[in-house]
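*Asks:* I'd like to ask you about the structure that follows.
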Amino acid sequence: MTSRTAAARYARAALDVATKESADLEQLARELDEFITFFRQQPVLKGLMLNPAVPAPRKRAAMEQLAQRAGFTPIVSKLLILLADRDRLSLLEEIAAAYHDLLAERQNVIRAEVTSAEPLSTDRLHAIEQRLATMTGKRVSMTAKVDKDIIGGVVARVGSTVYDASIATQLKKIRDRLTT
């Protein structure tokens, strides 16, 4: 089983348990992100917890104390302890990413990334977001970035679909037509 598959299973299980217990699904995501940030900021702790030479019972005991001190919800605490006990803490970032994806899917939200040559106004970003929502039939969570190489226009990535209305691409298409 690949790490991505294992991470997806842990994320699905966490979401299912949280749903069954009527827990705040977004709080669970925030707590996972908080722990990942904490973990990144503590390289010694991270090194010990990811070291295969450290016995799993020690990792479990340490994680029980960390989760208790952090005041995490029981679901997040149990997940972290389970990962420590099974020596699977290396999957934590992939689990959080998979959880975010599952949560977005459940909430009928799709992520989009819009790239433009210059920063777009708030009104223009809102108009693009509305257009993408109409096209996909879902709510859109959009991020914007700037890439001067596209010259002008926009490139929108929605899931695995790319809508490329950049001037750079249009110029390339014209060049290809003229040279063939």
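Only the coordinates and a few stated rules stand behind these numbers; no lab work does. Nothing here was measured: the structure is a model prediction, and the numbers come from that model. No Cβ is skipped: glycine too gets one built from the backbone with ideal geometry, and neighbour counts run over all protein chains shown.
*Asks:* Stretch Lys148-Val17 to full length: gain in nm at 0.36 nm per residue minus the Cα-Cα span?
*Replies:* 42.6 nm
*Asks:* Under 18 Å Cα to Cα from Lys138, which aspartates and glutamates show up? Leave out anything in the same chain fewer than 8 places away.
*Replies:* In chain and number order, the partners are Asp101, Glu105, Glu113, Glu129.
*Asks:* Rounded if a/c is under 1.5, else prolate if a/b beats b/c, else oblate: with a ≥ b ≥ c from the C-alpha gyration tensor eigenvalues square-rooted, which is region 35-82?
*Replies:* oblate
*Asks:* Separate question: In the set (i) 29.7, 122; (ii) 22.7, 75; (iii) 21.4, 68, which value of Rg and Dmax of the Cα atoms in Å was calculated from the structure you see?
*Replies:* Identified label for the calculated read-out: (iii).
*Asks:* Would you work out which of Val146, Leu178, Ser116 lies farthest towards the positive end of the dipole of the chain? Charges go on Cβ: Lys and Arg +1, Asp and Glu -1.
*Replies:* Toward the positive end, the furthest listed residue is Leu178.
*Asks:* Which of Ile81, Ala11, Leu32 sits closest to the plus end of the dipole of region 1-81, meaning its Cα is farthest towards the positive end, when Lys and Arg get +1 and Asp and Glu get -1 on the C-beta?
*Replies:* Farthest towards the positive end: Ile81.
*Asks:* For Leu45 and Glu93 in the same chain, what is the full-extension length gain: residue separation times 0.36 nm, less their Cα-Cα distance, in nm?
*Replies:* 15.7 nm is the gain from fully extending Leu45 to Glu93.
*Asks:* Starting from the amide H of Ile110, placed 1.01 Å from N in the peptide plane, find each other amide H under 5 Å away whose residue is 5 or more places distant or on another chain.
*Replies:* Amide H to amide H, under 5 Å and 5 or more residues apart or across chains, Ile110 pairs with Arg139, Val140, Ser141.
*Asks:* Ok, one more. What helices does the chain have that are whole DSSP H segments, at least 15 Å long along their own axis by Cα, and with mean Kyte-Doolittle hydropathy of 0.5 or more?
*Replies:* Flagged H segments are 74-85.
*Asks:* Assign unit charges at the C-beta atoms only (+1 for Lys and Arg, -1 for Asp and Glu), then state the dipole size of the chain relative to its Cα centre in Debye, rounded to the nearest 20.
*Replies:* 400 debye
*Asks:* Kirkwood hydrodynamic radius, region 1-65, all distinct C-alpha pairs: what's the number in Å?
*Replies:* 13.7 Å
*Asks:* Please report the spacing between the Cα centers of region 124-180 and region 30-109 in Å, no decimals.
*Replies:* A separation of 36 Å, based on Cα centres.
*Asks:* When DSSP beta bridges are limited to those with both residues in the chain, what percentage is antiparallel, rounded to the nearest 5? Numbers along the way, then the final one.
*Replies:* On the way: 11 of 19 bridges.
The answer is about 60 percent antiparallel.
*Asks:* While we're here: Report relative contact order for the chain in percent, whole number only (criteria: Cα-Cα under 8 Å, sequence separation at least 6). Walk me through the numbers on the way to the answer.
*Replies:* Working: 190 pairs, mean separation 36.8, N = 180.
Value for the chain: 20 percent.
*Asks:* Turning to a different aspect of this structure: Please report, in cubic angstrom per residue, the volume enclosed by the convex hull of the alpha-carbon atoms of region 115-180.
*Replies:* Working: hull volume 6.3 nm³, N = 66.
Enclosed volume per residue, from the Cα hull, is 95 Å³.
*Asks:* Kindly list the residues of region 137-166 that lie in the label zone of Val109, defined by a backbone N under 13 Å from the point 7 Å along the Cα-to-C-beta vector.
*Replies:* What the label zone holds, given the 13 Å backbone N cut-off, is 139-143.
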